[in-house]
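Undergrad: One structure follows; several queries about it will come next.
The values are calculated or read from the model by the stated rules, or taken from the named source; none is laboratory data. Since this is a predicted model, take the numbers as computed values, not measurements. Cβ placement follows ideal geometry from the backbone for every residue including glycine, while neighbour counts extend to all protein chains displayed. Protein only, heavy atoms only, side chains kept; ligands, DNA and RNA dropped before computing areas. Shrake-Rupley method; radii C 1.70, N 1.55, O 1.52, S 1.80 Å.
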Amino acid sequence: MRDVAVVSFAQSKHVRRLPGLNEVEMLMPVLGEVRDKIGITQDRIGFTCSGSSDYLAGQAFSFVMTLDGVGAWPPIVESHVEMDGAWALYEAWVKLQIGEIDTALVYSYSKSSPGELRDVLTRQLDPYYVAPLWPDSVSLAALQARALLDAGLATERDFAEIARRNRTDASANPHAQLKGSRDTNDLLNDPYIVAPLRRHACPPISDGAAAVVLAAGDAARALSERPAWIRGIDHRIETHAFGARNLTESPSTRIAGDRAGVARGKIDVAELHAPFASQEGILKRALGLSETVAINPSGGPLAANPMMAAGLIRIGEAAERIRRGEADRAVAHATSGHCLQQNLVCVLEGD
Amino acid sequence: MGRITALEGIEPVRSVKTPARLEYNFTAGLATSRFLKGISRKKILGERCGAEGKVYVPPRGSDPVLGRPTTEQVEVSQRGTVTSFCVVNLQFYGQGMEVPYVCGLILLDGADLPLMGLIQEIPYDQVRMGLRVEARWVDDAALKPTLASIRYFKPSGEADAPYESYREHV
Amino acid sequence: MAKQRVAVVGIGQTKHDSIRKDVSMAGLVREAALRALADAEMDWKDIDAVVIGKAPDFFEGVMMPEGYLADALGAVGKPMLRVHTAGSVGGSTALVAASLVQAGVHERVLTVAFEKQSESEAMWALSLPIPFQPPLVAGAGGYFAPHIRSYIRRSGAPDHIGMLVALKDRRNGCKNPYAHLQEHDITLEKVRDSIMLWDPIRYSETCPSSDGACAMVLGSEKVGDAATKRPAWVRGTAMRSEPTMFAGRDQVSPQGGRDCAADVYRQAGIRSPRREIDVVEMYVPFSWFEPMWLENLGFAEVGAGWKLTEAGVTAMDGDLPVNCSGGVLCSNPIGASGMLRFAEAAMQIRGQAGEHQIDGARVALGHAYGGGSQFFAMWVVGAEKP
């Protein structure tokens, strides 16, 4: 396997509603920053890959318009996934493994503000049996949370404490949307949005973008003093049928974690893409993370959840901690689909 | 797998009609907003990246070659040359126009690439490359920040532009 | 690990049709996937990863439908990727799948591309109002027609060239049992007399809207060597993108297409495409794209593509047969169309094209494009290993 590292990461300041800017204008500064930070220009990038969703943008072929923000001239080698940018990063990592290019640019973004996110996400379901019932994303997450409570694997207090911890940690993150939290008891007095989930257990709705530059071998060393090396990366998908899954577990995360080699060394930091507080525990167990692991020092998706970018941001945030020397070994996780149907795990290490 | 006797003889369900409706509030973006404000004042404003940049009309927020935001506004002429066109003879949902109609690529004087516009006040089979056209607006009282404020482009009466003058845009 | 060889060891496609009432989306993709697996003499469990591609989700009214299709494609417990690069997506999906094998990440990858556009309304999805613009462009044809007019002007091509392409491709489609349009009594007169949709494009020169799927099993060199049927070896893969609109853009023969072709030919060791390539499957959704792509792909000099068409060079009995399958003009499930080009090219190499087989085809080009002629994906496949 070729040594590939994250050498640069940039993200926007995530907000509920980005006033006045369209997706291209939101994305351009992030692309400029991720390249400028390491002094690389688009013509030196070997492969570009992005992740986004038409249904969030409310336009077919929406990713085409944001290509205008990249500077794709002369023509570039470029591809796109209709998935979170974490999977675009995976595609770029594969391309780097082939050995013909040394650098890749990965970006992803969305504005959830144009549509009603909970309604939009009902379209991400089996169209014959499930979608006609219009179960929204919060209700489905609540089903999973209920399963955890019934199995005795978590309590509502756990959810509140996780929310409090994430958002408090987010105070140190200049890009986070929600910073700071009331205390746990206070949170538990709030009404349910969809029982057993209270508002604090749900992610915010965010507009935002993120970008990563990957580089291989010597190119990585030339671009970063302490590259965050990708030592393992894998992803798996589970059945779509909620009834056929044990919602209290995440076997796809466990398999991906095994394949990525999470257990091969001590983990300092884990950035977990758990949009709902109830999901953090599931992922922690699936990855076998001990109590000493710092989880979501960035504040995680509970502090900022730009759809299609939140997974890529987990990888970026974990990588930054390594690059800054704050951690030696980290796990980053990304999820897609309701109730953690599909999961990607990435293990990063510093020299 | 057994058979469900209670369903025997019943016509199988072969399709399910599930109406879905989603509402979106689109943000024009800074560049488009500036452009549309100009439209509401009966001006056609392109944008470019610095004084040496290419003039984009309508501006979409970036110079796509550079991947940088356009920073300067440039008013372009309301007249231009048809560099190509097609005659649309197909009805479709949400169109709101009678067929056949001519959809043209119009290079406004001062712009560096053509924009798409409806061409009217000329029989459709007389529209040609090189035709000189000018914008026909809605009445002043009806001006709004939308491209629909330009009703269409009509022949300006000038002689056709020589092929050499727009050849690189064909 | 150096770049690994890739073998196409299984190919399958559905019968393409305007409405496949008889299958759900899951049924549609499984029809193609099961045929590809059977062709590869494999079972679902032999597959390491699934790469699926399709065009905008508005065509089916389902957001990210691959989540729902994971079960139907035997992907549970496996890696699954969903590619979307507009019209070229079928091609780029195959390229992403190929890269998994080239990188040595997987040995056997199932790649599927589909569109079930009858579920939603394709014309509507293609003409979704772009905010702040009046809806002028009536679908893809309305976008491309002015550029086709530009080609005709630049090249001086006579008016009937487009009709020749439509006639050829529709007749070829009759030799392809999977093709959507089976126009056994098509004539040049019928093409000429069909209604003008976006002058200069007539109804008969326009691709249909189809439900359909295509699937391939791509394997490593070891898998290719062990296959009982002859594999098609991937000899070159390339993709290029350029912005939709910029000052000075050549929309008739985009630089991205030329660069992509040059790259794939270089990889495949091809110096003279016209002489060295035996058969071509190119993405021609509107008839005039054949002469335009012949030039863009270097088969003809600039301005002379139409002459190859007119002289019958691109007919099945010509020396550069193009779109023996009937091409996009006969079947256009948008998400699958690019992969069908790649698959049909591979079928020619493997001798599987039945009535539309070109005997002795040893090098074939698969070509796909998308967006405003801005996304290109191509592969060269051959009977010999690279």
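Undergrad: Considering only the stretch A:281-333, state which residues are open to solvent by 10 Å² or more (accessible area, probe 1.4 Å) and either charged (D, E, K, R) or at pLDDT below 95 (or both).
TA: Once the filter is applied, which keeps residues that are open to solvent by 10 Å² or more (accessible area, probe 1.4 Å) and either charged (D, E, K, R) or at pLDDT below 95 (or both), the stretch A:281-333 yields A:Lys284, A:Arg285, A:Glu291, A:Glu317, A:Glu320, A:Arg321, A:Arg323, A:Arg324, A:Glu326, A:Asp328, A:Arg329.
Undergrad: Let me ask something additional. Using beta carbons and a limit of 8 Å, which pairs, at least six apart or on different chains, have the first residue in the stretch A:237-251 and in contact (Cβ under 8 Å) with a residue 40 or more places away in the chain and in a loop (DSSP other than H, G, I, E, B) and the second one of a type in the set (Phe, Trp, Tyr) and crowded, with 16+ Cβ neighbours inside 10 Å?
TA: That search, which allows pairs on different chains as well, returns A:His240/C:Tyr68.
Undergrad: Out of the residues in the stretch C:337-362 that are of a type in the set (D, E, K, R) and not in a helix (DSSP H, G or I), state the one that is most open to solvent (accessible area, probe 1.4 Å).
TA: Looking only at the stretch C:337-362, we keep the residues that are of a type in the set (D, E, K, R), and these are C:341, C:344, C:350, C:355, C:359, C:362.
If we keep only those that are not in a helix (DSSP H, G or I) as well, we get C:359, C:362.
Details: C:Asp359: 137, C:Arg362: 114 Å².
Ranking the qualifying residues of the stretch C:337-362, first place goes to C:Asp359.
Undergrad: Looking at A:Arg118 and the list (1) more than 7 Å from chain C (Cβ to nearest Cβ); (2) buried (at least 24 other Cβ atoms within 10 Å of the Cβ), which single condition is not satisfied?
TA: Every listed condition holds for A:Arg118 apart from (2).
Undergrad: Are there any pairs with C-beta distances below 6 angstrom linking a residue in the stretch C:316-344 that is among the polar types (S, T, N, Q) to a residue that is open to solvent by 10 Å² or more (accessible area, probe 1.4 Å) and in a loop (DSSP other than H, G, I, E, B), with the two at least 6 apart or on different chains, and if so which?
TA: Pairs that qualify, where the first residue is among the polar types (S, T, N, Q) and the partner is open to solvent by 10 Å² or more (accessible area, probe 1.4 Å) and in a loop (DSSP other than H, G, I, E, B), are C:Ser331/C:His180; C:Asn332/C:Cys207; C:Asn332/C:Pro208.
Undergrad: Would you confirm whether any residue within the stretch B:5-26 is more than 7 Å from every other protein chain (Cβ to nearest Cβ), over 29 Å from C:Phe144 (Cα atoms) and in contact with a helix residue (DSSP H, G or I) (Cβ under 8 Å, 6 or more places away or on another chain)?
TA: The answer is no; no qualifying residue exists.
Undergrad: Still on this structure, I have one more. What is the residue count in the stretch B:1-44 for residues that are in a loop (DSSP other than H, G, I, E, B), hydrophobic (A, V, I, L, M, F, W, C) and open to solvent by 50 Å² or more (accessible area, probe 1.4 Å)?
TA: To start, the set of residues in the stretch B:1-44 that are in a loop (DSSP other than H, G, I, E, B) comprises B:1-4, B:8-29, B:41-44.
Then drop every residue that is not hydrophobic (A, V, I, L, M, F, W, C), which leaves B:1, B:4, B:10, B:13, B:16, B:20, B:22, B:26, B:28, B:44.
This time we only want the ones that are open to solvent by 50 Å² or more (accessible area, probe 1.4 Å), so: B:1, B:4, B:10, B:13, B:16, B:20, B:26.
Residues that pass the stated criteria total 7.
Undergrad: Looking only at the stretch A:166-211, count how many residues are open to solvent by 60 Å² or more (accessible area, probe 1.4 Å) and over 25 Å from A:Lys111 (Cα atoms).
TA: The qualifying residues number 7.
Undergrad: Here is a further query. Within the stretch A:99-113, can one find any residue that is open to solvent by 10 Å² or more (accessible area, probe 1.4 Å), modelled with pLDDT under 95 and within 14 Å of chain C (Cβ to nearest Cβ)?
TA: Yes: the stretch A:99-113 contains one or more residues that are open to solvent by 10 Å² or more (accessible area, probe 1.4 Å), modelled with pLDDT under 95 and within 14 Å of chain C (Cβ to nearest Cβ).
Undergrad: Could you list, in sequence order, the residues of the stretch A:219-252 that are away from chain C (no Cβ under 14 Å) and open to solvent by less than 30 Å² (accessible area, probe 1.4 Å)? Outline the logic, then answer.
TA: In the first step, residues of the stretch A:219-252 are kept if they are away from chain C (no Cβ under 14 Å); the result is A:219-229, A:231, A:247-248.
If the condition is that a residue be away from chain C (no Cβ under 14 Å) and open to solvent by less than 30 Å² (accessible area, probe 1.4 Å), then A:Ala219, A:Ala220, A:Ser224, A:Pro227, A:Ala228, A:Trp229, A:Leu247, A:Thr248 are the ones that fit.
Undergrad: Sticking with this structure for a sec: Among the residues of the stretch C:146-162, what is the count of those that are outside any loop (DSSP other than H, G, I, E, B) and either out of contact with any Asp or Glu (no Cβ under 7 Å at 6 or more places or on another chain) or of a type in the set (Asp, Glu) (or both)?
TA: We begin by selecting, within the stretch C:146-162, every residue outside any loop (DSSP other than H, G, I, E, B); these are C:146-155, C:161-162.
Checking which are either out of contact with any Asp or Glu (no Cβ under 7 Å at 6 or more places or on another chain) or of a type in the set (Asp, Glu) (or both) leaves us with C:146-155.
Selection size over the stretch C:146-162: 10.
Undergrad: Also: Being at the interface with chain A (Cβ under 7 Å from one of its Cβ atoms) and touching a residue at least 40 places away in the same chain (Cβ under 8 Å) narrows it down to one of C:Asp71, C:Asp39, so name that one.
TA: On the way: C:Asp39 fails: at the interface with chain A (Cβ under 7 Å from one of its Cβ atoms).
Of the residues listed, the single one that is at the interface with chain A (Cβ under 7 Å from one of its Cβ atoms) and touching a residue at least 40 places away in the same chain (Cβ under 8 Å) is C:Asp71.
Undergrad: Considering each residue of the stretch A:55-94, count those that are aliphatic (A, V, I, L, M), assigned to a helix (DSSP H, G or I) and within 14 Å of chain B (Cβ to nearest Cβ), and give that number.
TA: Taking the stretch A:55-94 first, the residues aliphatic (A, V, I, L, M) are A:56-57, A:60, A:64-65, A:67, A:70, A:72, A:76-77, A:81, A:83, A:86, A:88-89, A:92, A:94.
Now narrow it down to the ones that are assigned to a helix (DSSP H, G or I): A:56-57, A:64-65, A:67, A:86, A:88-89, A:92, A:94.
If we keep only those that are within 14 Å of chain B (Cβ to nearest Cβ) as well, we get A:56-57, A:64-65, A:67.
The number of residues fulfilling the criteria is 5.
Undergrad: What number of residues within the stretch A:29-54 are of a type outside the set (Lys, Arg), within 10 Å of chain B (Cβ to nearest Cβ) and open to solvent by 10 Å² or more (accessible area, probe 1.4 Å)? Talk me through it step by step, then tell me what you get.
TA: Our first condition is that a residue be of a type outside the set (Lys, Arg); within the stretch A:29-54, this holds for A:29-34, A:36, A:38-43, A:45-54.
Right, trim to within 10 Å of chain B (Cβ to nearest Cβ) and you get A:29, A:31-32, A:41-42.
With open to solvent by 10 Å² or more (accessible area, probe 1.4 Å) added as a condition, the list becomes A:29, A:32, A:41-42.
Looking only at that region, the number is 4.
Undergrad: Working carefully through the options C:Phe132, C:Phe114, find the one that is touching a helix residue (DSSP H, G or I) at 6+ places or on another chain (Cβ under 8 Å), under 30 Å from B:Thr18 (Cα atoms) and at pLDDT 95 or above.
TA: Values: C:Phe132 fails: at pLDDT 95 or above.
Going through C:Phe132, C:Phe114 in turn, just one is touching a helix residue (DSSP H, G or I) at 6+ places or on another chain (Cβ under 8 Å), under 30 Å from B:Thr18 (Cα atoms) and at pLDDT 95 or above: C:Phe114.
Undergrad: Could you figure out which of (1) open to solvent by less than 50 Å² (accessible area, probe 1.4 Å); (2) within 14 Å of chain A (Cβ to nearest Cβ); (3) under 24 Å from A:Ala60 (Cα atoms); (4) out of contact with any Pro (no Cβ under 8 Å at 6 or more places or on another chain) isn't true of B:Gly117?
TA: For B:Gly117, the exception is condition (2).
Undergrad: So, one more: So in the stretch A:339-351, with the set limited to residues that are at pLDDT 95 or above and outside any strand (DSSP E or B), which one is farthest from C:Val51 (Cα to Cα)? Write out each step before concluding.
TA: Here is the first cut: in the stretch A:339-351, the residues at pLDDT 95 or above are A:339-350.
Going one step further and asking which of them are outside any strand (DSSP E or B), we end up with A:339-341, A:350.
Working: A:Cys339: 22, A:Leu340: 19, A:Gln341: 17, A:Gly350: 31 Å.
Looking at the filtered set, the residue picked out is A:Gly350.
Undergrad: Let me ask another. I'd like the full set of residues that are open to solvent by 40 Å² or more (accessible area, probe 1.4 Å) and touching a residue at least 12 places away in the same chain (Cβ under 8 Å), limited to the stretch A:121-151. Step through it out loud before you land on a result.
TA: First, the residues of the stretch A:121-151 that are open to solvent by 40 Å² or more (accessible area, probe 1.4 Å): A:128-129, A:132-134, A:143, A:146, A:150-151.
A:Trp134, A:Leu143, A:Arg146, A:Ala151 - these are the residues of the stretch A:121-151 that are open to solvent by 40 Å² or more (accessible area, probe 1.4 Å) and touching a residue at least 12 places away in the same chain (Cβ under 8 Å).
Undergrad: Can you tell me how many residues within the stretch C:363-386 are out of contact with any His (no Cβ under 8 Å at 6 or more places or on another chain), closer than 14 Å to C:Ser241 by Cα and not in a strand (DSSP E or B)?
TA: 3
Undergrad: More than 14 Å from chain A (Cβ to nearest Cβ) and open to solvent by 10 Å² or more (accessible area, probe 1.4 Å) - does that describe any residue in the stretch B:58-69?
TA: First pass over the stretch B:58-69, keeping only residues more than 14 Å from chain A (Cβ to nearest Cβ): none.
No.
Undergrad: Give C:Arg266, C:Arg258, C:Arg240 a once-over and let me know the one that is in a helix (DSSP H, G or I) and either among the aliphatic types (A, V, I, L, M) or farther than 14 Å from C:Val381 by Cα (or both). Walk me through how you get there before you give the answer.
TA: Details: C:Arg266 fails: either among the aliphatic types (A, V, I, L, M) or farther than 14 Å from C:Val381 by Cα (or both); C:Arg240 fails: in a helix (DSSP H, G or I).
Exactly one residue qualifies, and that residue is C:Arg258.
Undergrad: Looking at the stretch A:66-77 only, could you name the residues that are in contact (Cβ under 8 Å) with a residue 24 or more places away in the chain and surrounded by 23 or more Cβ atoms within 10 Å (Cβ to Cβ)?
TA: Here is the first cut: in the stretch A:66-77, the ones in contact (Cβ under 8 Å) with a residue 24 or more places away in the chain are A:66, A:68-72, A:74, A:76-77.
If the condition is that a residue be in contact (Cβ under 8 Å) with a residue 24 or more places away in the chain and surrounded by 23 or more Cβ atoms within 10 Å (Cβ to Cβ), then A:Thr66, A:Asp68, A:Gly69, A:Val70, A:Gly71, A:Ala72, A:Ile76 are the ones that fit.
Undergrad: A follow-up question, please. Yes or no: the stretch B:52-59 includes at least one residue that is over 26 Å from A:Val64 (Cα atoms) and touching a Ser or Thr at 6+ places or on another chain (Cβ under 7 Å). It would help to see each step written out before you state the result.
TA: Here is the first cut: in the stretch B:52-59, the ones over 26 Å from A:Val64 (Cα atoms) are none.
Looking for residues that are over 26 Å from A:Val64 (Cα atoms) and touching a Ser or Thr at 6+ places or on another chain (Cβ under 7 Å), one finds none in the stretch B:52-59, hence no.
Undergrad: Which residues, counting only those in the stretch C:164-214, are in contact with a strand residue (DSSP E or B) (Cβ under 7 Å, 6 or more places away or on another chain), outside any loop (DSSP other than H, G, I, E, B) and within 14 Å of chain B (Cβ to nearest Cβ)?
TA: Listed by number, the residues that qualify are C:Met196, C:Leu197, C:Trp198, C:Asp199, C:Ile201, C:Arg202, C:Tyr203, C:Glu205, C:Thr206, C:Asp211.
Undergrad: Quickly run through the stretch C:349-386 and pick out the residues that are closer than 22 Å to C:Phe144 by Cβ and aliphatic (A, V, I, L, M).
TA: Going through the stretch C:349-386, the residues closer than 22 Å to C:Phe144 by Cβ turn out to be C:365-378.
Of everything in the stretch C:349-386, those that are closer than 22 Å to C:Phe144 by Cβ and aliphatic (A, V, I, L, M) turn out to be C:Leu365, C:Ala368, C:Ala377, C:Met378.
Undergrad: Let me ask another. Give all pairs with beta carbons closer than 6 Å in which a residue from the stretch C:1-14 that is more than 28 Å from A:Gly217 (Cβ to Cβ) meets a residue that is open to solvent by 10 Å² or more (accessible area, probe 1.4 Å) and among the basic types (Lys, Arg); count only pairs at least 6 apart in sequence or on separate chains.
TA: These pairs meet every condition: C:Gly12/C:Arg35.
Undergrad: Still on this structure: Is at least one residue of the stretch C:229-241 among the hydrophobic types (A, V, I, L, M, F, W, C), within 14 Å of chain B (Cβ to nearest Cβ) and farther than 23 Å from B:Glu168 by Cβ? Outline the logic, then answer.
TA: Filtering the stretch C:229-241 for residues among the hydrophobic types (A, V, I, L, M, F, W, C) gives C:232-234, C:238-239.
Checking the rest, the ones that are also within 14 Å of chain B (Cβ to nearest Cβ) come to none.
Scanning the stretch C:229-241, I find no residue that is among the hydrophobic types (A, V, I, L, M, F, W, C), within 14 Å of chain B (Cβ to nearest Cβ) and farther than 23 Å from B:Glu168 by Cβ, so the answer is no.
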